[in-house]
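One structure below.
The values are calculated or read from the model by the stated rules, or taken from the named source; none is laboratory data. Keep in mind that what you see is a predicted model, and the values were worked out from it rather than measured. Methodologically, a virtual Cβ is constructed for each residue, glycine included, from the backbone with ideal geometry; neighbour enumeration extends over all protein chains shown.
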Amino acid sequence: MSVPVSARDKGFNRAEIVDQNFLDHVRSWHGAVHAVPRDDEPVAAGSALDVRGFRELLESQLISRHLDLMARVLRLQGKVFYTIGSSGHEGNAMVARLTRHTDPAFLHYRSGGFMAERFRKLPGMDPVLDAALSFAASKDDPASGGRHKVWGSKPLWVLPQTSTIASHLPKALGTAVAIEQARRIGHRLPIPDDSIAICSFGDASSNHASAQTAFNAAAWTAYQKLPAPVLFVCEDNGLGISVKTPAGWVESNFRHRANLDYFFADGLDLAGGYAQVQRAVQHCRTTRRPTFLHLRTIRLMGHAGTDFEIEWRSIEELIAVEAGDPLLRSADIALAANLYTKDGLLDWYEETRKRCFAAAEAAAARPRLGSLAEVMQPLAPYTPAAVAAEAQRTDYAAARLAVFGGEAKLPEKLPPRHLAIQINQALHDVLAKYPESLLFGEDVAQKGGVYTVTKGLYKIFKGSRVFNTLLDETMILGLAQGYANMGMLPLPEIQYLAYFHNACDQIRGEAASLQFFSNGQYRNPMVMRVASLGYQKGFGGHFHNDNSITALRDIPGLVVGCSSRGDDAAMMLRTMLALAKIDGRVCAFLEPIALYMTKDLYEPGDGAWQFGYPAPDRAMTLGEGRIYNPQANDLVVFTFGNGVPMALRAARTIDKDLGWQVRVIDLRWLAPLNDAFIAAQARTAKRILVLDEGRKSAGVGEGVITALVEAGCGATPIRRVAGADTFTPLADAALLVLPGEPEVVAAARELASGQ
C-alpha cells in the first residue's frame, strides 16, 4: 500500500489525519445518488433504519467525534483534562437509540455516541455542554461535579463509571436481577418494570476476572430460568491499549456460550448494523435473558491523547484502520441517499466543530473545585439527627410481633444471650422493619450460615428476601449494588474477611465511590456483614482467622464497625441500616468469630459476656465508643473486638500485680475513627495502652496513636500490643502470632518500670 506524504509527515498527530480524512472523503465522493427518501422510509435499501433515525444518529456521531477532536487540541492549552476518546466507537449510538432512557446504563469510556443519542430522549438537555463541563473538570459538570471525566446523567439513568477495568459488569448484572427481584418482594421500582440494564465494555476487558464472573453469574442465573435482563455490549476494536486481541477471539469465546445469548452487529455501518442491534435489544427485553451483543468497532487516534500509536504500529496499519472510520461510511450513506450535498454535509461537520469548541471554551471559564471541603462534600454524607430518628424508629411493632411470634417472644423480654444469638435477633428485627431489605450470600438460607447466625431467617422471610448465592464474593457485592440501585436495602454476607479481598474493588472502586463520582446523585446503600478477626479455636488458619482490617479502613467513605458483644451488635446494625437508608452509606459490619458463642468473661460459667437485647428504640451513634470503669485513670486501654474481653481480663491481673485501676475503651467504630473521643479519654490517663489484634504494620492501632499524638497526648506514656507481621498459622501456633493477655500484662509492667 502506498503511503501519502502527508500521512508520513503528520504521523504523530493521527487526530489531524482522521479529521482531514473525513473532509477529503466527502469532497472527493462520487458515488451514485438515489432519490431522496421520506423521513419514515429506509435510509438505504433493506435497512431497518429510517431517514429520520439516520439523521439523528449521524448528528450523535458528529458530536462524539468533535468532542474528541476538541479534547486533543484544548488539552495542550490546559483547558481539557481527559482525552480517552470514542472515535471509531460512534456506532454505540444505535444502542442508545434502541433502548430507553430509563434503562440503567453502565458505560465503557468510549461512549460519546451513546450519550449524545440518549440525550435526545429528554428534550432541553445539551450533550455538548454537559460533556465539555466534564472534560474541563468544572464543578458545574452535572455528572460528577468536576471530580472525574465520566459519562453519567441522573435524569438519563447513566450511572457514572470510573476507569477500573470491567468492575462495572457485576453491578450491571446485579441491577438486572434487582429489576426482577422487585416484583417478587413487592418493591416499587424507580423505573418501568420491563426495563433492562445495559453494560458496555471493550474486547480486552471481556477477559478480566470481574467480567468473567459477571458472565458466569448471568449464565448461572439463566440456567435456573431466573430472569436477568442485562445487555452486555462488547465493543470490539481489537485492542487493549497496545495489546491486540486475537482475530475472532470474542466471537469464538461467546457465540456458543450456554445461557448467554449471542448477537453480532456491525457498529461501523448505521444502515447495516441497526437491525442487528435492534434484534439484540428486543431479545433481551422480551425474553429477560442475559444477552451478549458483539459490536464491531475500531479505535481511532490511539488509546488516549498521550498514546502515539506510530511508535508501536506501522503507518500502513494505521492508514488501513483509519480507512474503516464509521463516519466515512455514514457520509457515504448520507450522500448516496441525497440527504445532503457535499457542501451541506461539510458545513454541518464544521458547525458541529464550532459548537464543541464554543462549549469547551465556555466550560473552561466555569469554576473548578477550589477547596478540600468542596472535593469531599459528597463522599460521606452524614445527617446525625435524621439517622438517629431512623435508627430509633419503632413504627413496625405489628411486623415485629409477627416475626418473633408474639409479645412474650420479643427478644428484649428474653434472658441475656451471646453475640451470635443477638445478631440473629437483630437481623430478624431489621428485616421486619425494612420490607425492602434483602439478606444473601453463600450458605445463609436453609443452612443458616456457617455459624448459624442467620438461622431461621429463610423460614420466616422466604427465598425472595433471604437467599443463597453462588460462591463468588465479587458477584455477591455486585448484586448488592444492583439492589441498592433499584432502591432496596441489601445486607450481603461475605463468609470470612479473607474472602472479601477477592472482591475488594467492588467496594473500593465501585460502591463506596459512587456518591463521590456522581456528586451525590447516585448511591449504593448497603450493610456488608463479614465474619472476621482471629482467635477462632479448633478451626482456622489464615483464611478463617483474618484480621486484615486495613484494607477496609483505607476505603474513603466506608463505615466500618465491630461489636464485641450482642447488645452493641443490635444497636450498631440499627444505626448502619439507618446510615444506609438516610445517607446512602456503604457499611461493613465485622462480626468477631471467636466471640460468636462466648458466654463467659472471667470464669467458666459466669455468663458475664451475655447481655440483654436492647429495645427497638435504642441505637448507637456513629463513632460512639463504650467505656468500662470510666473513673479509672492509672491505665487506659484502647481496643476493639476480641481485645475487649481480653483487656477486661488482663485488667484484673494488672490491678492485682500493680494496684492500677484500668479503664477499657471499646472503640466499636473503626472507620472513621472518632479522634475527638479518643483524645478525650486519653487526656485523663496516666498511661495508655493500645491493644490491636491486627498486624503491627497494618491494623487499627496506628490510627489510634496518630489521633493521640495529634491531640497533644504524645507526652503520656504509650505502649502498643499488636499482632505480628505474618499470616496466621493453624492450631495453637496462631496464638504465637496474635496478642494475648500475657502480652497486655507485660506491656503494663513495662509502663510501670518506665521502659
| So, of the residues in region 491-528 that are part of a strand (DSSP E or B) and touching a Gly at 6+ places or on another chain (Cβ under 8 Å), which turns out to be surrounded by the fewest Cβ atoms within 10 Å (Cβ to Cβ)? | Ile494
| query | Is it true that some residue in region 547-559 is within 26 Å of Ala724 (Cβ to Cβ), touching a Gly at 6+ places or on another chain (Cβ under 6 Å), assigned to a strand (DSSP E or B) and not acidic (Asp, Glu)? | reply | no
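May I ask you to say which residue of Ala651, Ala731, Ala647, Ala748 is in contact with a strand residue (DSSP E or B) (Cβ under 7 Å, 6 or more places away or on another chain), within 24 Å of Lys537 (Cβ to Cβ) and either polar (S, T, N, Q) or in contact (Cβ under 8 Å) with a residue 40 or more places away in the chain (or both)? Even if it seems obvious, please write down each step before you answer.
Details: Ala651 fails: either polar (S, T, N, Q) or in contact (Cβ under 8 Å) with a residue 40 or more places away in the chain (or both); Ala731 fails: in contact with a strand residue (DSSP E or B) (Cβ under 7 Å, 6 or more places away or on another chain); Ala748 fails: within 24 Å of Lys537 (Cβ to Cβ).
Of Ala651, Ala731, Ala647, Ala748, the one residue that is in contact with a strand residue (DSSP E or B) (Cβ under 7 Å, 6 or more places away or on another chain), within 24 Å of Lys537 (Cβ to Cβ) and either polar (S, T, N, Q) or in contact (Cβ under 8 Å) with a residue 40 or more places away in the chain (or both) is Ala647.
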| field | Close pairs from region 24-35: first outside the structural domain of Tyr340 (by TED's automatic domain parsing) and assigned to a loop (DSSP other than H, G, I, E, B), partner of a type in the set (A, V, I, L, M, F, W, C) and loosely packed, with under 13 Cβ neighbours inside 10 Å, Cβ under 9 Å, at least 6 apart | value | none
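Looking at the structure I just gave you, is Ser200 buried (at least 24 other Cβ atoms within 10 Å of the Cβ) and small (Gly, Ala, Ser)? Write out each step before concluding.
Details: buried (at least 24 other Cβ atoms within 10 Å of the Cβ): yes; small (Gly, Ala, Ser): yes.
Yes; evaluated as a whole, the condition is true for this residue.
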| Can you tell me which of Phe119, Phe54, Phe106 is of a type in the set (A, V, I, L, M, F, W, C) and touching a Pro at 6+ places or on another chain (Cβ under 7 Å)? | Phe119
| note | Residues in region 7-39 that are modelled with pLDDT of 95 or more and closer than 26 Å to Arg120 by Cα total 2
| said: Restricting to region 693-717, name every residue that is closer than 15 Å to Val636 by Cβ and of a type in the set (S, T, N, Q). | reply: Thr716
| task | Starting from region 695-716, take each residue that is under 20 Å from Val664 (Cα atoms) and list its partners that are among the charged types (D, E, K, R) and part of a helix (DSSP H, G or I), counting only C-beta distances under 8 angstrom and pairs at least six apart or across chains. | result | Val700/Arg553; Gly703/Arg553; Ala707/Asp675; Ala711/Asp675
| said: Considering only region 366-375, I want to know if a residue exists there that is outside the structural domain of Pro42 (by TED's automatic domain parsing), at pLDDT 95 or above, within 30 Å of Pro525 (Cα to Cα) and touching an Asp or Glu at 6+ places or on another chain (Cβ under 6 Å). | reply: no
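State whether one or more residues within region 442-465 are within 24 Å of the chain's Cα centre (by Cα), among the hydrophobic types (A, V, I, L, M, F, W, C), closer than 14 Å to Met528 by Cβ and buried (at least 24 other Cβ atoms within 10 Å of the Cβ).
The initial filter retains those residues of region 442-465 that are within 24 Å of the chain's Cα centre (by Cα), namely 442-444, 464-465.
Filter once more, so that each one left must be among the hydrophobic types (A, V, I, L, M, F, W, C): 444.
This time we only want the ones that are closer than 14 Å to Met528 by Cβ, so: 444.
Within this subset, residues satisfying the condition of being buried (at least 24 other Cβ atoms within 10 Å of the Cβ) are 444.
Within region 442-465 (the criterion being within 24 Å of the chain's Cα centre (by Cα), among the hydrophobic types (A, V, I, L, M, F, W, C), closer than 14 Å to Met528 by Cβ and buried (at least 24 other Cβ atoms within 10 Å of the Cβ)), the answer is yes, since at least one residue qualifies.
From the list Asn642, Asn633, which one is assigned by TED's automatic domain parsing to the domain that holds Leu738, within 20 Å of Phe611 (Cβ to Cβ) and polar (S, T, N, Q)?
Asn642
Can you say whether Gly88 is in contact (Cβ under 8 Å) with a residue 40 or more places away in the chain, crowded, with 24+ Cβ neighbours inside 10 Å and more than 24 Å from Pro170 (Cα to Cα), as far as the supplied structure shows? Steps first, please.
Working: in contact (Cβ under 8 Å) with a residue 40 or more places away in the chain: yes; crowded, with 24+ Cβ neighbours inside 10 Å: yes; more than 24 Å from Pro170 (Cα to Cα): yes.
Here the answer is yes, as Gly88 does meet what is asked.
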| Take the residues of region 395-407 that are surrounded by fewer than 13 Cβ atoms within 10 Å (Cβ to Cβ) and charged (D, E, K, R): which is nearest to Ala511 (Cα to Cα)? | Asp395
| Those residues of region 150-192 which are surrounded by 24 or more Cβ atoms within 10 Å (Cβ to Cβ) and of a type in the set (D, E, K, R), in sequence order | Lys171
| Which ones in region 719-750 are farther than 18 Å from Ala698 by Cα and surrounded by 21 or more Cβ atoms within 10 Å (Cβ to Cβ)? | Val744, Ala747, Ala748
